[in-house]
Structures are given as C-alpha cells and as structure tokens.
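Worksheet: the structure to be examined is printed underneath.
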Amino acid sequence: SRVIYGDYYETNAIVQVNHPRFRVTALYDGTGWNGVAWPPPFPLAFDAVEAAQSRGATVAIIDTAKRSNVGTIAVGRWPIQVYVTPDGRSVYVANQGTEAEPSDTVSVIEVAGGRVVDTIRTGKGAHGVVISDKSDLVFITNIVDGTVSAIDAATRAVVATFRVGRGPNGITFRPRSD
C-alpha cells in the first residue's frame, strides 16, 4: 500500500492509502510537531519538533517500517520545516526561532551518522526549505527578514539573498523548461 506521513501539529499520523479506503494509524501524539520529510524508498522520515517539551530544538527520526519514533537529533532553536536531499544523504532543517527571538540558522543533518554536520546562517526567521532539481542549491525563506537565501549545497555557504517582501513562508522549486 502507499503511505502518507503527515503532521497536524497536535497529532501526527500515517495514512495508508488503499483505494477506495484510507486507513489512518496514529504514529505519535503531542503538540508542536511540524514539518515532516520522507524520501521514499528510504527507511527513515524526519519531523521537526518545535514543542516546549523538546525545548524547541530537535528533529524526530521515524522508522517508516516500524512506524515509530526511534530517536531525535538536536538542531537549532524551534525547527519548522525539513527537506531531505533526493539522494537521501542529508536533511536541511530551517530553525525559525520565536517571534521575540527569531533564529537565522539552517541545520544540515547527515542521515547515515544521524548528526548535525553543519549550521548555516541565513536570514532571520528561517522557515521554508526546498532543494533544486539538480540538488546543487538549497533555498530558504526567511520569514522575518522578508528574504530568500540560496545555499550552495556543495560548500554549504549562502551564495545569494533575494528580497521578496514581507513574511515569505513556503517555497517550491520548478526547473526552467527551456
């Protein structure tokens, strides 16, 4: 069956899609889970945990076969969105911080080692994350600064910052077709 992982802030769920029925199986309950990323066919999913009980600084590791939380990785303050590289080797985590104290970092997790290997400074309120189709650039929306940062994935350095207006949130990438 096909599976959809979702976080719904107060309850995280796995939805097994078996047409014409859907079956929902609770994975874990609690508040403050936000931003799930899972690159099939890889066996792990990653979910940002911004809840007070985690002090707003972890990513949960979910074993997709067992459908259970198998660990956490410490990241920056109040992680909000996560994105796994297409090859499944890295996870980029936008650490938004709080309204009073916005964060300006992105944590890079090495999946094989289950640890943060780099922290990149972007703009205040790092929020949305997307990776280009060639996996060479990572784009981060900075909700407080009103910018989008472009990160070179090989060097893990910000190579450009674009002013986009107030409060950029989600982001997606579409390659040029010319």
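Residue by residue through the range 73-91, note down the ones that are in contact (Cβ under 8 Å) with a residue 40 or more places away in the chain, outside any strand (DSSP E or B) and of a type outside the set (G, A, S).
Scanning the range 73-91 gives V75, T85, P86, D87.
Among (1) over 15 Å from the mean Cα position of the chain (by Cα); (2) free of Cβ contacts under 8 Å to residues at least 24 places away in the same chain, which single condition is R121 missing?
For R121, the exception is condition (2).
Go through the range 132-154 and count every residue that is open to solvent by 10 Å² or more (accessible area, probe 1.4 Å), over 17 Å from N169 (Cβ atoms) and of a type in the set (A, V, I, L, M, F, W, C).
Residues that pass the stated criteria total 3.
For A94, only one of the following conditions fails: (1) in contact (Cβ under 8 Å) with a residue 12 or more places away in the chain; (2) open to solvent by less than 70 Å² (accessible area, probe 1.4 Å); (3) over 14 Å from N169 (Cα atoms). What is its number?
Condition not satisfied by A94: (3).
Just checking: which of the strands (runs of 3 or more DSSP E) contained wholly in the range 92-176 hold 3 or more residues that are of a type outside the set (A, V, I, L, M, F, W, C) and over 15 Å from I80 (Cα atoms)? Working first, answer last.
Values: elements: 102-110, 115-121, 126-131, 137-142, 147-152, 157-163.
Of the strands (runs of 3 or more DSSP E) lying wholly inside the range 92-176, those with at least 3 residues that are of a type outside the set (A, V, I, L, M, F, W, C) and over 15 Å from I80 (Cα atoms) span 115-121, 147-152.
The values are calculated or read from the model by the stated rules, or taken from the named source; none is laboratory data. Keep in mind it's a predicted model, so treat the numbers as computed, not measured. So basically every Cβ, Gly included, is an ideal-geometry build from the backbone, and we count neighbours across all protein chains shown. All accessible areas refer to the heavy atoms of the entire protein, side chains included, with ligands and DNA or RNA removed. Shrake-Rupley method; radii C 1.70, N 1.55, O 1.52, S 1.80 Å.
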